[in-house]
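> Below is a structure I'd like to ask you about.
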Amino acid sequence: MATCSNAAGAEEIMNFMTEALDKRGVDALVTKTGCMGYCYAEPTIEVTLPNHEPVVFADVDVQKADQIIESYIKQGEMVEGVIPVNYKTIDEQYN
């Protein structure tokens, strides 16, 4: 979580996600990242489901985070607010 995401409330969203996923029995890894260049869209959440490409959700508040958990993570149904991924993972850069 970079300065811009912290200023936009990312810590609250991360705490909510961690607690909500645990309470709902969803096996997930929640981590902090550095800047991805989406300052205009913070707070953001990147979700990578098994066998899927990463999806980045923009302007996430607690209500939207809850919707991401219930609809996208648990059921695989897309949620509005996805921003295109415009970066490459470390694996893509070196392989």
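The values are calculated or read from the model by the stated rules, or taken from the named source; none is laboratory data. Just so it is clear, the structure is predicted and the values come from calculations on it, not from any experiment. As a convention, Cβ positions derive from the backbone with ideal geometry for all residues, glycine included, and neighbour counts pool all protein chains shown. Accessible surface is based on the protein model in full, side chains and every heavy atom, while ligands, DNA and RNA are left aside. Shrake-Rupley method; radii C 1.70, N 1.55, O 1.52, S 1.80 Å.
> Ratio of region 1-51's C-alpha Rg to 2.2 N^0.38 Å, to two decimals?
Cα-based Rg divided by the globular estimate yields 1.19.
> Mind listing the long-range amide H neighbours of ASP59? Cut-off is under 5 Å, sequence gap 5 or more, other chains count too, H placed in the peptide plane at 1.01 Å from N.
Residues meeting the criterion, in which the H sits 1.01 Å from N, are GLU42.
> Hey, got the dipole for the chain? About the Cα centre, +1 on K and R Cβ, -1 on D and E Cβ, debye to the nearest 20?
Using Cβ point charges on Lys, Arg, Asp and Glu, the chain gives about 120 debye.
> Here's another thing I want to ask about it. Please report the carbon-and-sulfur percent of the accessible area for the chain; probe 1.4 Å, protein heavy atoms only, DNA, RNA and ligands left out.
Here carbon and sulfur together make up 48 percent of the probe-accessible area.
> Could you order LYS23, LYS32, LYS64, LYS74 by accessible surface area, starting with the largest, using a probe radius of 1.4 Å? Could the numbers behind the result be given before it?
Values: LYS23 170, LYS32 130, LYS64 35, LYS74 100 Å².
Putting LYS23, LYS32, LYS64, LYS74 in descending order of accessible area: LYS23, LYS32, LYS74, LYS64.
> For the chain, report the convex hull volume of the alpha-carbon atoms normalised per residue, in Å³, without decimals.
Taking the convex hull of the Cα positions in the chain, it is 100 Å³ per residue.
> Identify all aspartates and glutamates with a Cα-Cα distance to LYS32 below 14 Å; exclude those on the same chain that are fewer than 8 residues away in sequence.
Answer for LYS32, where 14 Å is the Cα cut-off: GLU11, GLU12, GLU42, GLU46, listed by chain and number.
> Counting GluC sites (Glu not before Pro) as exposed when in a DSSP loop with at most 15 other beta carbons within 10 Å, what is the longest stretch of the chain free of them?
That gives 1-76 as the longest site-free run.
> Quick check for you: with a 1.4 Å probe and neighbouring chains kept, what is the accessible area per residue of the chain, in Å²?
Details: 6350 Å² over 95 residues.
Counting only protein heavy atoms, the per-residue value for the chain is 67 Å².
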